[in-house]
Amino acid sequence: MNLELSAEQTAVRRLARDFVDREVAPHAAAWDRAEQVDRGIVKTLGDLGFLGLTVPEEYGGSGGDHLSYVLVTEELGRGDSSVRGIVSVSLGLVAKTLAAWGDADQKRQWLPRLTSGEAVGCFGLTEPGTGSDAAHLATRAVRDGDAYVIDGAKTFITNGTWADVVLLFARTGDAPGHHGISAFLVPTDTRGLERREIHGKLGLRGQATAELVLDGVRVPAAAMLGPVGKGFSVAMSALAKGRMSVAAGCVGIAQAALDAALAYAARREQFGKPIAGHQLVQELISDIAVDVEAARLLTWRVADLIDRGEPFTTAASQAKLFASEAAVRAANNALQVFGGYGYIDEYPVGKLLRDARVMTLYEGTSQIQKLVIGRALTGVSAF
Ligand code: FAD
């Protein structure tokens with residue numbers, strides 16, 4: 001892998017870095033306290049082209065390669081994980097999946113709106129009774145003439161109350177497990193779809209996480225994304241690339257932890273000198289720095305594999321597993337550098353730790369990533 005960025009990649013990273021320093025990072029703490037990021041940010045992200053990265057230009061995307069997407073995601077994660085998550089879901093899980101699996105009408109209907117920020121997408125897989133074991137989801141879509149009628153419930157849906165469209169997974173057949181699942185594009189203003197915001201999250205507080213209840217939701221058969229019964233493949237293809245995006249966000253968190261720890265250690269004095277001069281503080285800082293670099297290299301490697309058309313699923317699980325655990329470690333180490341001040345929300349490191357914690361849980365917990373990696377290595381499924 002060539003680790004030198006091209007002129008385009010350097011430019012897009014610079015654009016993202018300036019935007020984050022100017023319009024995201026300064027507001028992150030206030031958005032966290034208010035439990036809502038400024039909704040206007042979605043349009044700005046669209047105007048900058050960040051909601052259309054890797055989506056073909058003919059559908060309103062800004063093109064670009066996956067490493068550019070990773071670089072932007074890393075910067076957004078450095079500024080505010082709630083903002084990063086909006087992009088990872090609306091672009092990463094919804095628009096990119098639609099670009100890969102959609103027919104021409106579906107792409108024309110949704111992609112220009114999603115990539116411009118005029119519309120937001122959410123990804124409806126998890127249910128109250130099925131999280132890690134998503135293949136056994138219970139939401140059901142029954143064919144009725146040229147339509148499907150959907151009943152069921154989804155939970156923990158990022159962007160849930162903001163979204164204009166949900167990429168929803170429901171059971172269309174009696175086949176067991178993943179075989180009977182299909183994917184649908186459901187506009188959120190469809191009658192029978194109710195959304196309830198989930199409050200009291202440990203982190204990602206600026207993000208609208210919701211429960212979706214579907215009671216007789218009727219969509220045309222043309223709303224199905226991909227072939228009937230192939231919904232689980234649609235979901236897994238979305239999540240494989242999604243894991244790269246989560247990993248990139250984690251690199252951003254770890255980088256923010258490193259930046260904050262370095263700045264604080266240089267100015268805080270104890271025992272007559274800056275704490276940066278104490279060996280055990282340097283240990284904390286060097287541990288963070290190694291985690292940042294290792295997580296970054298694993299994540300860039302996934303983007304490189306995708307851009308070269310190579311298999312990347314196991315590499316994406318490895319990057320997501322390592323980067324998410326590294327982000328938690330890095331934020332926790334940074335908090336230690338801050339001492340008692342790290343424990344109050346006037347300083348940024350507590351939020352980094354709270355935001356990092358969910359990364360080991362969603363888009364497949366750390367245990368599930370280990371099962372994916374273990375299956376690839378041994379050829380035996382332990383699910
Ligand atoms: P469970 O599956 O019940 O797992 C509980 C514990 O058991 C975990 O430690 C897990 O690792 C372990 N476990 C389970 N099975 C095994 C096994 N076979 N071997 C070993 N250990 C196992 N979902 C969406 O569809 N869309 C979203 O946009 C979305 N956003 C989210 C945002 C937030 C803030 C959160 C918290 C969650 C979000 N999720 C979303 C859901 C998320 O993907 C699930 O929470 C996750 O998949 C885990 O499922 P669960 O919470 O039901 O835990």
Separation between Cα centres of the range 8-39 and the range 128-207, rounded to whole Å
30 Å
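Pull out a ≥ b ≥ c, the square roots of the eigenvalues of the alpha-carbon gyration tensor of the range 192-337, then state rounded if a/c is under 1.5, prolate if not and a/b is larger than b/c, and oblate in the remaining case.
Details: a/c = 4.67, a/b = 1.85, b/c = 2.52.
Because a/c hits 1.5 or more and a/b fails to exceed b/c, the range 192-337 counts as oblate.
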Can you find, among Gly49, Gly177, Ala11, the residue farthest towards the positive end of the dipole of the chain? Put +1 on the C-beta of Lys and Arg, -1 on that of Asp and Glu.
Gly177
Under the rule rounded for a/c under 1.5, else prolate if a/b exceeds b/c, else oblate, using alpha carbon gyration tensor axes a ≥ b ≥ c, the range 192-247 is classed as oblate
Under the rule of at least 5 residues apart or a separate chain, name every residue whose amide H is placed under 5 Å from the amide H of Tyr347.
none
List the residues, sorted by chain then number, that are 5 or more residues from Ser62 or on another chain and whose placed amide H is less than 5 Å from its amide H.
Gly52, Leu53, Thr54, Val55
Skipping prolines and chain starts, which residues have an amide H placed within reach, meaning under 5 Å, of the one on Ala153, given they are 5 or more residues away or on another chain?
Thr139, Leu214
Potential extension, Asp38-Ala7 segment - 0.36 nm per residue separation minus Cα distance:
8.0 nm
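To the nearest 20 debye, what is the magnitude of the charge dipole of the range 229-329 about its Cα centre, counting +1 on the Cβ of each Lys and Arg and -1 on the Cβ of each Asp and Glu? All intermediate terms of the calculation are to be shown ahead of the outcome.
Values: 11 positive and 10 negative charges, 57 e Å.
Computed about the Cα centre, the dipole is about 280 debye.
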Using alpha-carbon coordinates, inclination of helix 66-79 to the longest axis of the chain, degrees:
60 degrees
Modelled label-to-label distance, Leu361 and Leu280, 7 Å Cα→beta-carbon offset: nm?
3.1 nm
So, with points 7 Å from each Cα along the Cβ direction, the Val142-His179 label distance in nm works out to 2.2 nm
Magnitude of the Cβ-charge dipole of the range 77-204, K/R +1 and D/E -1, about the Cα centre, nearest 20 debye?
360 debye
Report, in degrees rounded to the nearest 10, the 0 to 90 angle that the Cα long axis of helix 313-338 makes with the longest principal axis of the chain.
40 degrees
Given 0.36 nm per residue, what is the gain on full extension from Ala382 to Leu262 after removing their alpha carbon distance, in nm?
39.0 nm
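Between Ala294 and Asp47, 0.36 nm times their residue separation minus their Cα-Cα distance comes to what? Walk me through the intermediate numbers first.
Details: separation 247, 0.36 × 247 = 88.92 nm, distance 3.21 nm.
Between Ala294 and Asp47, full extension yields an extra 85.7 nm.
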Which of rounded, prolate, oblate describes the range 61-101, given a ≥ b ≥ c as roots of the alpha-carbon gyration tensor eigenvalues and a/c under 1.5 marking rounded, otherwise prolate only if a/b is larger than b/c?
oblate
So, with +1 on the Cβ of K and R and -1 on the Cβ of D and E, and no other charges, what is the size of the charge dipole of the chain about its Cα centre, to the nearest 20 debye?
460 debye
How large are Rg and Dmax for the chain when calculated on the C-alpha trace, in angstrom?
20.8, 79
Under 12 Å from a point placed 7 Å out from the Cα of Val213 along the Cα-to-Cβ direction: which residues of the range 152-178 have their backbone N that close?
152-154
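Could you state the orientation-averaged shadow area of the convex hull built on the Cα atoms of the range 93-167, in nm² to one decimal?
Details: hull surface 23.2 nm².
Computed as one quarter of the Cα hull surface, the answer is 5.8 nm².
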Please check: in the Gaussian network model of the chain (C-alpha springs, under 10 Å), which one of Ala11, Ala260, Ala183 has the largest mean-square fluctuation.
Ala11
Most positive-pole-ward Cα, Ser88, Ala25, Leu239, against dipole of the chain from beta carbon charges:
Leu239
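Quick note: the coordinates plus some simple rules give every number you see, no bench work behind them. What you see is a predicted model, and the numbers here were worked out from it, not measured in a lab. Backbone-built Cβ (ideal geometry, glycine too); neighbour counts: all protein chains shown.
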